[in-house]
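S.K.: Sharing a structure below in structure tokens format, with a few things to ask.
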Amino acid sequence: MINPTVLVEIRDVAKRYDDSGAGLDSVTLTIRSGESVAVLGPSGSGKSTLLNLLAGLDRPTAGTVTVGGVRVDALGEAGSARYRRTAVGMVFQFFNLLDDLTVLDNVLLPAQLAGTPRGQANDRTTELLRQLNIDDLRGAYPGRLSGGERQRVAIARALVNRPALLLADEPTGALDTAAGADVAELLRDINSRGQTVVLVTHDLALAGSVTGRTVELVDGRITSDAATATR
């Protein structure tokens, strides 16, 4: 059952860029704790802008962005860095793993940056590697892994600090069909355990298989917000 607690509250948000007009225009959106939401739209619709605002990587021109009771848009540089380390986890299309670190150390790194005691960080990392079925790869380097394996490592890294919000930006975009289906199933399982997920994608099938709600953006405005047709 979805927890009715509001986790994300975006109110009257606009983001304007001098060179390309409005990235977002009067967007209001609420996401409850435990929801899994897909954000869809064509290129240039504002999907990445919305993700960056939720991640604290950018600030709105107008309006407010609140996550877990924190006014993300009002944070300074140090506060934004702390917020990204502890409150959000991010999964990217091209993994963004560090090639000179092992799987274990890639997953451990965010916990170390957050100041988590070493023993606690190791226990959490081991738990995630087992949960995501990559414990046997802990000593491997990313360059020796398949795309699906690397995305599993990236998801473990995103979850190591137990973030309230998981942001996934085209997480299957660089994977073949079988690996993409595997990652989709993994995201669905993570959400079933209570993790709030916001998925940005062009893939209607992925949105339908992973999320319970779909928000569509066109030209920086929400044009549709409804239950996902199939899951």
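S.K.: How many residues are over 19 Å from Ser26 (Cα atoms) and touching an Asp or Glu at 6+ places or on another chain (Cβ under 8 Å) when one looks only at segment 41-97?
M.R.: Result for segment 41-97: 4.
S.K.: Hey, another quick one. Kindly indicate whether Gly139 is assigned to a loop (DSSP other than H, G, I, E, B), without any contact (Cβ under 8 Å) to a residue 40 or more places away in the chain and farther than 17 Å from Val198 by Cα.
M.R.: It is true that Gly139 is assigned to a loop (DSSP other than H, G, I, E, B), without any contact (Cβ under 8 Å) to a residue 40 or more places away in the chain and farther than 17 Å from Val198 by Cα.
S.K.: While we're looking at this one, here's another question. Name the residue that is surrounded by the most Cβ atoms within 10 Å (Cβ to Cβ), counting only residues in segment 68-120 that are hydroxyl-bearing (Ser, Thr, Tyr) and assigned to a loop (DSSP other than H, G, I, E, B).
M.R.: Thr116
S.K.: Sort through Leu137, Leu132 and tell me the only one that's at pLDDT 95 or above and either among the aliphatic types (A, V, I, L, M) or within 25 Å of Leu24 (Cβ to Cβ) (or both).
M.R.: Leu137
The rows are residues; the columns are (1) without any contact (Cβ under 8 Å) to a residue 24 or more places away in the chain; (2) in contact with a helix residue (DSSP H, G or I) (Cβ under 9 Å, 6 or more places away or on another chain).
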site: Gly46; (1), (2): no, no
site: Leu51; (1), (2): no, no
site: Leu57; (1), (2): no, yes
site: Thr64; (1), (2): no, yes
site: Val70; (1), (2): yes, yes
site: Ala74; (1), (2): yes, no
site: Val88; (1), (2): no, yes
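S.K.: Looking only at segment 152-170, which residues are touching a strand residue (DSSP E or B) at 6+ places or on another chain (Cβ under 7 Å) and assigned to a helix (DSSP H, G or I)?
M.R.: Passing the criteria: Ala154, Ile155, Ala158, Leu159.
S.K.: In the list Leu128, Leu175, Leu187, which residue meets the criterion of being surrounded by 14 or more Cβ atoms within 10 Å (Cβ to Cβ), touching a residue at least 60 places away in the same chain (Cβ under 8 Å) and out of contact with any Lys or Arg (no Cβ under 7 Å at 6 or more places or on another chain)?
M.R.: Residue meeting the stated conditions: Leu187.
The values are calculated or read from the model by the stated rules, or taken from the named source; none is laboratory data. This one's a predicted model, so the numbers in the text were calculated from it and none came from an experiment. Methodologically, a virtual Cβ is constructed for each residue, glycine included, from the backbone with ideal geometry; neighbour enumeration extends over all protein chains shown.
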